[in-house]
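Asker: Attaching a single structure in C-alpha coordinates format; questions to follow.
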(Lines give C-alpha, C1' and ligand atoms only; values in the text may rest on other atoms or scores of the structure.)
Protein backbone atom coordinates (compact mmCIF):
# COMPACT_ATOMS: atom_id res chain seq x y z
CA UNK A 1 0.00 0.00 0.00
CA UNK A 2 1.38 3.39 -0.95
CA UNK A 3 1.93 6.08 1.64
CA UNK A 4 -0.66 8.30 -0.09
CA UNK A 5 -3.33 5.60 0.13
CA UNK A 6 -2.50 4.89 3.76
CA UNK A 7 -2.72 8.61 4.62
CA UNK A 8 -6.05 8.87 2.79
CA UNK A 9 -7.45 5.92 4.75
CA UNK A 10 -6.11 7.25 8.05
CA UNK A 11 -7.68 10.65 7.40
CA UNK A 12 -11.05 9.06 6.69
CA UNK A 13 -10.81 6.88 9.81
CA UNK A 14 -10.06 9.91 11.98
CA UNK A 15 -13.24 11.49 10.61
CA UNK A 16 -15.16 8.32 11.63
CA UNK A 17 -16.17 7.30 8.13
CA UNK A 18 -17.63 3.81 7.91
CA UNK A 19 -15.31 1.12 6.59
CA UNK A 20 -17.62 0.55 3.61
CA UNK A 21 -17.41 4.26 2.76
CA UNK A 22 -13.62 4.19 3.01
CA UNK A 23 -13.46 1.16 0.74
CA UNK A 24 -15.74 2.87 -1.79
CA UNK A 25 -13.68 6.08 -1.77
CA UNK A 26 -10.43 4.16 -2.24
CA UNK A 27 -11.99 2.13 -5.06
CA UNK A 28 -13.20 5.29 -6.83
CA UNK A 29 -9.83 7.03 -6.54
CA UNK A 30 -8.16 3.92 -7.97
CA UNK A 31 -10.65 3.81 -10.85
CA UNK A 32 -10.09 7.49 -11.59
CA UNK A 33 -6.32 6.99 -11.60
CA UNK A 34 -6.64 3.96 -13.88
CA UNK A 35 -8.87 5.93 -16.25
CA UNK A 36 -6.18 8.60 -16.57
CA UNK A 37 -3.33 6.04 -16.52
CA UNK A 38 -1.54 7.97 -13.77
CA UNK A 39 -0.75 7.55 -10.13
CA UNK A 40 -3.08 9.52 -7.82
CA UNK A 41 0.04 11.37 -6.69
CA UNK A 42 0.33 12.85 -10.18
CA UNK A 43 -3.34 13.79 -10.53
CA UNK A 44 -4.74 17.14 -9.53
CA UNK A 45 -7.80 19.36 -9.84
CA UNK A 46 -6.66 20.65 -13.23
CA UNK A 47 -7.08 17.22 -14.86
CA UNK A 48 -9.91 17.19 -17.45
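Asker: Quick check, is residue 3 modelled with pLDDT of 95 or more and surrounded by fewer than 10 Cβ atoms within 10 Å (Cβ to Cβ)? I'd like the intermediate steps shown before the answer.
Answerer: Working: modelled with pLDDT of 95 or more: no; surrounded by fewer than 10 Cβ atoms within 10 Å (Cβ to Cβ): yes.
Criteria not met by residue 3.
Asker: If you take the residues in the stretch 8-21 that are over 9 Å from the mean Cα position of the chain (by Cα) and in a helix (DSSP H, G or I), which one is surrounded by the most Cβ atoms within 10 Å (Cβ to Cβ)? Can you show your working first?
Answerer: Keep residues of the stretch 8-21 that are over 9 Å from the mean Cα position of the chain (by Cα), which gives 10-21.
Right, trim to in a helix (DSSP H, G or I) and you get 10-14, 19-21.
Numbers: 10: 11, 11: 11, 12: 17, 13: 11, 14: 8, 19: 10, 20: 8, 21: 12.
Among those that are over 9 Å from the mean Cα position of the chain (by Cα) and in a helix (DSSP H, G or I), it is 12.
Asker: Is there any pair linking a residue in the stretch 32-48 that is surrounded by 13 or more Cβ atoms within 10 Å (Cβ to Cβ) to one that is modelled with pLDDT under 75, with Cβ under 6 Å and at least six apart or on different chains, and which?
Answerer: The qualifying pairs are 33/40.
Asker: A further question follows. If I ask for residues that are surrounded by 12 or more Cβ atoms within 10 Å (Cβ to Cβ) and either at pLDDT below 95 or on the phi > 0 side of the Ramachandran plot (or both), which ones from the stretch 22-31 would you list?
Answerer: 29, 30
The values are calculated or read from the model by the stated rules, or taken from the named source; none is laboratory data. Here the structure is a predicted model, which is why all the values come from computation and not from measurement. In this analysis, Cβ positions are derived from the backbone assuming ideal geometry, glycine residues included, and neighbour counts consider all displayed protein chains.
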